[in-house]
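*Asks:* Mind looking over this structure? Questions follow.
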Amino acid sequence: MKPAEQLWFSGVDDALPVNSVHKKIIDERWVAYRAGKMKQITLSELE
């Protein structure tokens, strides 16, 4: 695992609560994604 990945995953804790504002944004983006309204990118584009 690359150092950046180690750092990223070291902060992951599914037990932490999600702020209601952030939850709303996530939900809205998920709905848009499922409806095909968001552009998908490849992993290489992300990198």
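We did not get these values from a lab; they are worked out from the coordinates using the rules stated. Model, not experiment: these values are computed from the prediction. Positions of Cβ are backbone-derived with ideal geometry, glycine not excepted, and every protein chain shown enters the neighbour counts.
*Asks:* Take the Cα atoms of the chain, find their three principal axes, and give me the spread along each one in whole Å, biggest first.
*Replies:* 35, 31, 12
*Asks:* Quick one: ARG34, ARG29, fewest Cβ neighbours within 10 Å first, how do they rank?
*Replies:* Details: ARG34 9, ARG29 12.
Ascending number of Cβ neighbours within 10 Å: ARG34, ARG29.
*Asks:* Spelling out what I want: for every residue of region 4-9, take phi, set θ = phi - 60°, compute 6.51 cos²θ - 1.76 cosθ + 1.60 (Karplus), and round to whole Hz; glycine and proline get x.
*Replies:* 5, 5, 4, 5, 4, 6
*Asks:* Given R₀ = 22 Å, what would the calculated FRET efficiency be for LYS39 paired with TRP8, taking r from the Cβ atoms and rounding to 0.05?
*Replies:* Working: r = 23 Å, r/R0 = 1.06.
Here the calculated transfer efficiency is 0.40.
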